[in-house]
Amino acid sequence: MRHGMLRIATVLGLVGLATMWNPAPVGAADEVRIGVVSPMTGPTAKFGQAQKNALTMAGDDVNAAGGIRSLGGAKIKLVFGDTRGEADTGVTETERLITREKVHALIGAFQSGVGFPSSAMAERHQVPWLTFGTFDKITERGFKYVFRAHANDTIKARTLIEGLVALGKRASQSIGSAVILAENTEWGKSVSDKQRGFLEKAGVKVHFVENYPYAAPDLTSLIVKAKGVKPDLVVADSYLGDALLITRQMHEQELRPVAYAAGGGGHVQPDFLKNMAKLSDGILAATMWDAAVGKAVPWIAKENERHVAKFGAPFTEDSAGYYQAFQIIVDALERAKTTSARELRDAIAATSITDVNHKAMFLPYKALRFDDTGQNPFATAMVVQIQGGKFRLLYPESIAEPDARVVWPYLATTR
Amino acid sequence: MRGLAQAVTSGLLIGAVYGLIALGLNIVFGTMRVVNFAQGTLLMAGMFMTYWLWELGGVHPYISPLVTAPLLFGLGFAVQHLFVSPLLARERAREPMSVLLLTLGLALVLENVALLFFSADFKTVTTDVSMQTFKIAGLIVSVPRLVGLGAMVATSLVLYLFFMHTDLGRAVRATGQDREVARLMGINDFRIYGVAYGLSAAMMGIAAAVLVPFFYIHPGVGTSFLLKAFVIVVLGGLGSMPGAALGGLLVGVIEGAVALWVQAAVAQIVLFAVFVAILFVRPAGLLGVERR
Amino acid sequence: MTRLSASVGLALLSIVGAALVPVATRALIGDDDYWLQVLIWVMFFAYLSAAWNLIGGFGGQYSIGHAGLLGIGAYTSSLLYVHAGVSPWLGMLAGGCLAAVVGGAIGYPCFRLRGAFFSLVTIAFAEMLRVGTELTDSLFGLPINGVRGFLLPVAGSRPADFQFVGKRGYYYVMLGLLVIILTVGWLVKRSRLGYYLAAIRDDEDAAAALGVHPARAKLLAMVLSSFFTAVGGTFYAQLIGFITPTRTMSLDFSVQMVVMPVLGGIGTVLGPLWGALVLVPIGEVTRALWGGSLQGVHLIIYGALLMLVILRWPQGIDPWLRGLVARRRETPVAAQPALGDTPLVTPRTSPDGGEALLRVDGLSRSFGGAVGVRDLAFEVAPGEVVGIIGANGAGKTTVFNLITGALAADGGDVWFAGRRLGRETPDARSRLGIARTFQIVRPFIGLTALENVMVAALPRAASVAEARREAGRWLAFAGLAHRAGVIASGLSTGERKRLELARALATRPRLLLLDEVTGGVDQRSLPGLVRLMQGIRAEGLTLLVIEHNLRVVTALADRLVVLHLGEKIREGPPQAVVTDPAVVDVYVGATVARG
């Protein structure tokens, strides 16, 4: 019996030791570590990779220029964590980056559903977190360490609708009715609700909003239903696969609204353009950033060209957002003159940038400040239109491409 | 009314594609009682093969089964031989749980290997027929899906004849009914299983050829079809080829109609409810002959 | 005594030791929150797997929809907390009870679906629940946000409301829950329910024939499993602070709850813990090492491990660990009272003064076109031994199946002890006093000889210990006392036949149906077996015996009934029947004539 007990104890002890694998973290004293929380694997891995590219370029730039001057030239070290697109993994990764990798600030997490609890983790540990994620509530929890420089769902939805109305006026077209087709995910539901609200406020009759199952193989019935109410405007909030399906099936079922708009997501992916050719002509979309903004702000175009040269692809909407977040942190570090969490946080909160040539204005706004919820009240989105396989930036006027005109209606070229 | 007619028409067409996949599943699940959770990933493999043939060789998807079907057959045969047969040999139950878990593990591996090598990007193939439509009596019919309907009808006919009127087909059915007895009667069950599983996998090559022109290719694409295929096989009647075909059409129509009247997401619930109901009310399914 | 305390001691030590692993690790890693988090995940999944194991491993019903129950728990406690201010500690119990009701209500009718079909149905229900919840924005006027997910307020340190700052609080709660579920598993395993479940898992019909109520046993397991799974859901909600139907009720989650126990050892107490200890760190390590560069590697490993385990080590890790630590001993059971000490069988009494114990009247059953039994009638008086003989296919086993209720009659009646048996199930009839052995023996393969007989004795025993004593006596009576500790799969055919008999006897039947006991037994074992049957007869038990071996049956029986093609053609004292020309013609002559 005792022999057996000894054996059990040995086995259990070995198991216990095995779970102890715990390589000590290496943290140089004079470097600044910024944690990046992204989906590096899983279905949205492509986005994570784009974000990594953008940040790597930004980080290398800062380090090549001498690092953080006010910290004696301290170099930036980016530490990447993988959320796999899942909330619990995001939370665990955030914790790992904070407690083991000892990062001084974090950027994350792309999916709002992941960023939401993960930023709460950062708040718990009192480490500054720059959000990339549009879910309104991320900055509505009374947190002190969570910030968002870019537009949230409400702003994006408002921009889209106001833009549609304004562009419609320019083309002497009016939109009387609409349907909204959104995927049945957190993002789709949230965005579509807001869009409905703004449409109704603008006097547009919303016949119905349907949240269809993500990745369905066939959406004919949905399109038929939409066709039945003869809407002037069809708004779609989908990721790439469904965006392709909806667009194709609208064509098949001969649903040709006056305007076809997207809340973002799949419709603004380069792959959408690649696969949709003519059918994409005239689609309007809300986005937080498009390369065309470089026409109004030259340094952004140059930066984009460098990115293309380095990685073979331009910035994406989200990688641009991550880039902006990074620049804000760098700016704050310079002002804080320390990496201590509390003071860094205060420096971020005190951010006030109005110079359009500042690197943090990669997503250009009237100003970059944070209100007491941590949201930038000056953040805006923009409306682009796909014309001839390219995105043309049309709204708001301050950053619109000077030589771009809105093309109306949808599929005007093929009618 | 026109809306309903259109929804039903489109439902029939997509249902035909479901039916094709269900036919494949029916071969292993319906006749051999192998609960094949890897059916979806085999479809995915077929779709990737079809995609690469198009991208690298310019081979039109509708011709690709000439290559993909034999390849998949081999893959299916190998899987059966290496993994499933040893299990079936030692299990007494008719549909052993271990086989379900094994194929589940296989599906995990296949899907994530594809993810590793091909990344999560959506790939599409646009061919001449991809977006063609024509009208019959004012109803819009999508050409690639019509092709799918044709393929499904032809395949179910061929399979029906195979299973009912050939020795090999009958041997497969016998093995499904009672493995022990079949073995005692001299049927080399391992080889039979291999053929059946290979056939089931080869069928995914045909389904892939039909799907690729109008559906995106992605490592996770099989999962969405898998559960539906199970519903169809049970609805139509395990082992019945016409049943799987009919079941597919029915599921497509139900989906389309419910999506029109209520909401597409509700259609999912309805289908699962139908599945549960069938298992309790009429376990043999619509056209099944099996009595428990 | 020694074996009992050894196993108790081993089990207790294993649980304590297993619980010590996280504690020890925790002590060594100090306050490193990251590793604490990993440890919490390990324990969380171990907990869920152990809860699943109650119905999956012990009950043999592989639910792949348990995430639905998890979701019920998470949402119930969260809704109660946010909208009614109920502390999640209480909400946890409410959620558990709700899940228990739902799980039981859905599981009970579904148990009659065979293995894989049951699994598919559970997937269907979980998916319906998930999609339904995604589509529901408010429930009874209370917002739950459907697919957008439900938020729990982050309010700092509120232990009374199941909220802690930092990981330590959650760690201790999870540790406590883990110890509880492992203990529950252990208690179930060695309880009456545990034996029933083990028997049902091995052979449901044989268990029913012994008077075990399969559906009820599984229902209890399902209710327990559902309750504890839901409690885990509350923990998840409190830990993450944000629940969505898409993740909480996902198929992925359900699959994880299945894969870990399978890997660790299905149906064992500690298996789920081993499974979680192996798989969760793999996920962590692959992400930490290759975070970003290699996609989905951990899932490939999961899938490959699953396949490997199923193919090569279907019993999982646990038996292998046990093999390292203990040896299975063939412990002789403690001294049994001698044969003559207590009456082993119900004494020879007549129920109503001479009336037949068993009466079969106009009994008929066909299978499609083939006649099984037609218009059969005979009686068996209490204490009598009646033999049924006939060529193969004459309908003998069909008669047994009709009497025990395994088959439903097309026409006619079966009367037992003056009571007409209508729709009583086999287990009900067993409880009335009808026992049978099977033509092809059906021992509970995974249980020892002793445990096999215990299952039969349990329905009538006041405690597990008493059942064990009873079982020991019956084993001794059947001459198997020295093989008590041997797993049934290790017994020879002759031994299995004896076991079958001991098992049937342990149900204290009034009528025992013996189906070809001597079939397939070698010449050497035959005399011993016959002596056993004579011993049973000598005790005055009423027997109905199907036998091919005419010498055995003529020696044993008071009367013979001859069946041919489903009909009775002759009945009477053995010698008269066997020499009757009509019988000879049909039984023996047919072959001779053809030959």
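Structure data summary
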| read-out | value |
| --- | --- |
| Flag if C:Thr425 is buried (at least 22 other Cβ atoms within 10 Å of the Cβ) and within 27 Å of the chain's Cα centre (by Cα) | no |
| Residue satisfying condition, being surrounded by fewer than 22 Cβ atoms within 10 Å (Cβ to Cβ) and either touching a residue at least 24 places away in the same chain (Cβ under 8 Å) or in contact with a Ser or Thr (Cβ under 9 Å, 6 or more places away or on another chain) (or both), within set A:Arg124, A:Arg69 | A:Arg69 |
| Matching residues in segment A:25-77 - criterion: being at pLDDT 90 or above and acidic (Asp, Glu) | A:Asp60, A:Asp61 |
| Options B:Arg2, B:Arg33: the member that is farther than 22 Å from B:Glu111 by Cα, within 14 Å of chain A (Cβ to nearest Cβ) and charged (D, E, K, R) | B:Arg2 |
| So C:Ser226, is it farther than 25 Å from C:Asp427 by Cα and polar (S, T, N, Q) | yes |
| Test result for B:Leu238, assigned to a loop (DSSP other than H, G, I, E, B) and within 16 Å of the chain's Cα centre (by Cα) | yes |
| A:Ser118 being in contact with a helix residue (DSSP H, G or I) (Cβ under 9 Å, 6 or more places away or on another chain), closer than 16 Å to A:Thr44 by Cβ and either polar (S, T, N, Q) or at pLDDT below 90 (or both) | yes |
| Every pair of residues 6+ apart whose Cβ atoms lie under 7 Å, when the first sits in segment B:128-150 and is within 11 Å of chain A (Cβ to nearest Cβ) and over 18 Å from B:Val210 (Cβ atoms) while the second is in a strand (DSSP E or B) and hydroxyl-bearing (Ser, Thr, Tyr) | B:Ile140/B:Thr133 |
| Helices (runs of 4 or more DSSP H) wholly inside segment A:182-256 that include at least 1 residues being at the interface with chain B (Cβ under 8 Å from one of its Cβ atoms) and among the β-branched types (Val, Ile, Thr) | A:220-228 |
| Lone unmet requirement of (1) surrounded by fewer than 24 Cβ atoms within 10 Å (Cβ to Cβ); (2) modelled with pLDDT of 90 or more; (3) within 27 Å of C:Glu451 (Cβ to Cβ) for C:Trp52 | (1) |
| Filter pass, C:Ala394 being at pLDDT 85 or above and assigned by TED's automatic domain parsing to the domain that holds C:Leu560 | no |
| Residue among C:Phe400, C:Phe444 that alone is among the aromatic types (Phe, Trp, Tyr), in contact (Cβ under 8 Å) with a residue 12 or more places away in the chain, surrounded by fewer than 24 Cβ atoms within 10 Å (Cβ to Cβ) and not assigned by TED's automatic domain parsing to the domain that holds C:Arg112 | C:Phe400 |
| Every residue from segment A:376-415 that is of a type in the set (S, T, N, Q) and either crowded, with 23+ Cβ neighbours inside 10 Å or over 21 Å from A:Lys274 (Cα atoms) (or both) | A:Asn376, A:Thr380, A:Gln385, A:Ser398 |
| Pick from segment C:101-156, criterion at pLDDT below 95 and aromatic (Phe, Trp, Tyr), ranking: nearest to the chain's Cα centre (by Cα) | C:Phe111 |
| Of all residues making up segment A:61-84, the number that are at the interface with chain C (Cβ under 10 Å from one of its Cβ atoms) and assigned to a loop (DSSP other than H, G, I, E, B) | 2 |
| Answer residue from segment A:276-293, given it is surrounded by fewer than 22 Cβ atoms within 10 Å (Cβ to Cβ) and in a helix (DSSP H, G or I) and is farthest from the chain's Cα centre (by Cα) among those | A:Lys278 |
| Residue match in segment C:392-407 (condition: part of a strand (DSSP E or B) and in contact with a Leu (Cβ under 7 Å, 6 or more places away or on another chain)) | no |
| Flag for C:Leu480 being closer than 20 Å to C:Ala215 by Cβ, assigned by TED's automatic domain parsing to the domain that holds C:Leu532 and either touching a Cys at 6+ places or on another chain (Cβ under 6 Å) or not polar (S, T, N, Q) (or both) | no |
| Qualifying residue in segment A:103-116 (condition: without any contact (Cβ under 8 Å) to a residue 40 or more places away in the chain and surrounded by fewer than 24 Cβ atoms within 10 Å (Cβ to Cβ)) | no |
| Yes/no for A:Arg96 being closer than 25 Å to C:Trp41 by Cα, touching a helix residue (DSSP H, G or I) at 6+ places or on another chain (Cβ under 6 Å) and surrounded by fewer than 24 Cβ atoms within 10 Å (Cβ to Cβ) | no |
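Rundown of residues vs (1) under 30 Å from C:Gln256 (Cα atoms); (2) under 21 Å from the mean Cα position of the chain (by Cα); (3) buried (at least 22 other Cβ atoms within 10 Å of the Cβ), yes/no style:
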{"site": "B:Ala107", "(1), (2), (3)": "yes, yes, yes"}
{"site": "B:Leu115", "(1), (2), (3)": "yes, no, yes"}
{"site": "B:Ser119", "(1), (2), (3)": "yes, no, no"}
{"site": "B:Lys135", "(1), (2), (3)": "no, no, no"}
{"site": "B:Val141", "(1), (2), (3)": "no, no, no"}
{"site": "B:Thr166", "(1), (2), (3)": "no, no, no"}
{"site": "B:Asp178", "(1), (2), (3)": "no, no, no"}
{"site": "B:Val181", "(1), (2), (3)": "no, no, no"}
{"site": "B:Met185", "(1), (2), (3)": "no, no, no"}
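The values are calculated or read from the model by the stated rules, or taken from the named source; none is laboratory data. The model shown is predicted, which means the values in this text are computed figures rather than measured ones. We place every Cβ from the backbone using ideal geometry, glycine too, and count neighbours over all the protein chains shown.
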